[in-house]
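Structure first, commentary second.
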Amino acid sequence: MARLRINGQPRDVNVPDDMPMLWVLRDELGMTGTKFGCGMALCGACTVHVDGAPARACVTPVSAVAGHAVSTVEGMAADPVGRVVQQAWIEHNVAQCGYCQAGQIMSAVSLLKATPKPTPRQVDGAMSGNICRCGTYPRIRAAILQAASQLGQGSKR
C-alpha cells in the first residue's frame, strides 16, 4: 500500500512498489491526462511534477513518490501559473493532435516557476525534452513567453 498526495489530495493505492506512476495515475486512479509516449523517459508526454520538479511518470516507480507532492495536468487549473499557461495555450492554438500537450504544459509550468522571465533560448532549452510530432514548437514557445509576460504583470487569470 502506498500513500500518495496527488494534486493536494491524499490517495492510497495498493500496487507493487515498482509500478510506474504513469500506470498508477491512469489505471488505478483514472487520471488519464498524463500520457504514455515512449516508456523510456525520452518524449516528455508523461511529465508530472514531484515536489515541484518535472519527472517522467513512465519511469518513476510509485515507491519513489510516496510521501511527496505529485501534481498532474488535472491539477493545473488550481495552480496560478498553470492557469495562465493553459490560457496562453488556448490563445496561441498550440494543440494540434494534442497528445503531447499535457507533458508540454507541465514542463512549461515548471520552467516558469523556476525562471519567471525566460529568454526564447531558455524556453527552447527547457522544452527540448518534450517532443511534439505535429511540430507546434513555435506556438509552444510563443505561448510560454506570453504566459511569462502575463505572470510578470501580476495576471491571476
Task: Enclosed volume per residue, in Å³, of the convex hull spanned by Cα atoms of the chain - done: 96 Å³
Task: Per-bin percent of Cα-Cα distances, the range 79-152 [5 Å] - done: 3, 19, 34, 28, 13, 2, 0
Task: All-pairs alpha carbon distance profile, the range 38-88, 5 Å steps from 0, percent - done: 5, 20, 26, 23, 16, 9, 1
- [ ] State, to one decimal in nm, how far the label point of D124 lies from the label point of Q9, with both points 7 Å from Cα in the Cβ direction.
- [x] 4.0 nm
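Got a sec? How would L25, L42, L145 order by Cβ neighbour count within 10 Å, fewest to most?
Numbers: L25 25, L42 13, L145 19.
Final ranking by Cβ density, sparse to dense: L42, L145, L25.
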Task: Table column - 3J(HN,Hα) (Hz), the range 20-36, Karplus curve with 6.51, -1.76, 1.60, x for Gly and Pro - done: x, 4, 3, 6, 5, 4, 6, 8, 8, 10, x, 9, 8, x, 6, 9, 8
Open item on the list: Please flag any cysteine in the chain that has no other cysteine's Cβ under 4.7 angstrom from its own Cβ.
Closed with: C97, C100, C132, C134
- [ ] Using just the helices of the chain, give the 222 nm mean residue ellipticity in deg cm²/dmol: DSSP H runs with n ≥ 4 each add -39,500 (n - 2.57), and the total is spread over all residues, rounded to 500.
- [x] -10500 deg cm²/dmol
Task: Highest-fluctuation residue, Q104, Q87, Q96 considered, GNM on the chain with Cα pairs under 10 Å - done: Q96
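Given 0.36 nm per residue, what is the gain on full extension from F36 to Q96 after removing their alpha carbon distance, in nm? Working shown, then result.
Values: separation 60, 0.36 × 60 = 21.60 nm, distance 1.74 nm.
Full extension from F36 to Q96 adds 19.9 nm.
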Open item on the list: Can you find, among G75, V50, P118, the residue sitting farthest towards the positive end of the charge dipole of the range 23-157, where Lys and Arg contribute +1 and Asp and Glu -1 at Cβ?
Closed with: P118
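What is the ratio of the Cα radius of gyration of the range 2-72 to 2.2 N^0.38 Å, with N the residue count, to two decimals? Before the final figure, lay out the partial values.
Values: Rg = 10.6 Å, N = 71, 2.2 N^0.38 = 11.1 Å.
Compared with the compact-globule rule of thumb, the range 2-72 sits at 0.95.
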Task: Amide H partners (placed H, <5 Å) of R5, local residues excluded - done: R11, G67, H68, V70
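Taking 0.36 nm per residue of separation and subtracting the Cα-Cα distance, what length does fully extending C134 through A78 add? Working shown, then result.
On the way: separation 56, 0.36 × 56 = 20.16 nm, distance 2.80 nm.
Answer, rounded to one decimal: 17.4 nm.
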Open item on the list: For a quick check: sort I144, I6, I131 by the number of other beta carbons within 10 angstrom, fewest at the front.
Closed with: I131, I6, I144
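Values quoted throughout were computed directly from the atomic coordinates according to the rules given, and no laboratory measurement underlies them. Being a predicted model, the structure only gives us computed values, none of them experimental. Neighbour counts run over all protein chains shown; Cβ positions are idealised from the backbone, glycine included.
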